[in-house]
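In what follows, a structure is listed as structure tokens, so that the remarks can point back to it.
The values are calculated or read from the model by the stated rules, or taken from the named source; none is laboratory data. Please read these numbers as outputs of a predicted model, since none were measured by experiment. Neighbour counts run over all protein chains shown; Cβ positions are idealised from the backbone, glycine included. Keep in mind that these areas ignore ligands, DNA and RNA; they rest on the heavy atoms of the full protein, side chains included. Shrake-Rupley method; radii C 1.70, N 1.55, O 1.52, S 1.80 Å.
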Amino acid sequence: MTVRRAAGAVAGTAVVLCLVAAVAVTTLGVRVDGTSMAPTLRAGDRVLVAPGSAGRARRFDVVLLRVEGKDALLVKRVIGLPGDRVAIVSTPEEPFQVLLQERGRGPVRRVVAPTWAAQARRTGACCGPEGNRSGRAELRTVPEGSFFYLGDNPDLSDDSRAYGWGEIARIEGRVGARAFPLSAPWGVGNRPALEGYQGPGP
């Protein structure tokens with residue numbers, strides 16, 4: 001086989017593989033609609049679900065889930081797990097402070113996400129008995145089989161504050177990677193962290 005033929009075969013194989021990958025992304029990928037997870041995920045992005053992750057919730061993962069009474073598939077970030085206590089405290093200086101007490105024991109800590117600090121402007125408190133927004137901040141325990149979830153763009157996200165606790169059984173999978181656009185990072189990113197909290201208590 002000549003060098004030219006070999007190069008042509010390699011190029012042809014590469015084209016076929018690219019076409020197969022494009023079809024796989026279009027067929028298997030889930031398209032993101034809306035801006036509730038911006039800038040982590042943007043409208044038009046396509047994400048791939050990690051195999052075997054349905055019905056599972058891990059703290060700070062981004063998941064696909066369905067809520068009762070809504071047909072659309074939601075893309076949100078897991079914040080609180082069963083047994084955790086969660087609240088959202090608002091002050092004029094910091095309108096969106098998410099608090100978490102892991103497993104209902106030990107110190108109450110603050111969930112810190114760079115996307116929230118850059119975008120959250122609306123005040124509001126949480127949580128009511130069902131995990132939704134309330135008139136005043138109060139730590140609530142996440143029930144067994146449930147989880148508390150938020151969007152990375154909190155001012156434009158319908159999440160637990162609107163729908164209440166999520167059901168772990170209704171999670172369709174964890175977002176494992178972003179497959180499109182090709183120019184975007186492969187991973188999801190913007191994962192929150194926990195830090196000490198000394199502000200006003202809920």
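Of the trypsin sites (Lys or Arg not before Pro) in region 92-122, which ones lie in a loop per DSSP and count no more than 15 other C-beta atoms within 10 Å?
Hits after loop and neighbour filter: Arg105, Arg121, Arg122.
Calculated FRET efficiency, Ala72 to Glu102, Cβ-Cβ distance, R0 = 25 Å: about 0.25 to the nearest 0.05. Solvent-accessible surface of the chain, taken per residue with a 1.4 Å probe and all protein chains present: 53 Å². Here the Kirkwood formula, the inverse mean of 1/r across different C-alpha pairs, assigns the chain a hydrodynamic radius of 18.2 Å. In this Cβ point-charge picture (+1 for Lys and Arg, -1 for Asp and Glu), the chain has a dipole of about 520 debye about its Cα centre. Scaled against 2.2 N^0.38 Å for its residue count N, the alpha carbon radius of gyration of region 159-202 is 1.74. Annotation: peptides 49-58, 141-150, ranked by per-residue average of other Cβ atoms within 10 Å with the highest first, follow the order 141-150, 49-58. Can you tell me the orientation of helix 3-28 relative to the chain, as the angle in degrees between its alpha-carbon axis and the longest Cα principal axis, to the nearest 10? So the inclination is approximately 30 degrees. Taken about its Cα centre, region 74-162 carries a charge dipole of about 160 debye when Lys and Arg each add +1 at the Cβ and Asp and Glu each add -1 at the Cβ. Kindly provide the helix-only [θ] at 222 nm of the chain, computed as the sum of -39,500 (n - 2.57) over DSSP H runs of four or more divided by all residues, to the nearest 500 deg cm²/dmol? Helix-only estimate at 222 nm: -5500 deg cm²/dmol. Using the Cβ-Cβ distance between Gln198 and Ala177 with R0 set to 41 Å, the FRET efficiency from 1/(1 + (r/R0)^6) comes to roughly 0.65.
Put the Cα centre of region 49-63 next to the Cα centre of region 135-202 and the gap is 12 Å. The orientation-averaged projected area of the convex hull spanned by the Cα atoms of region 92-158 comes to 5.0 nm².
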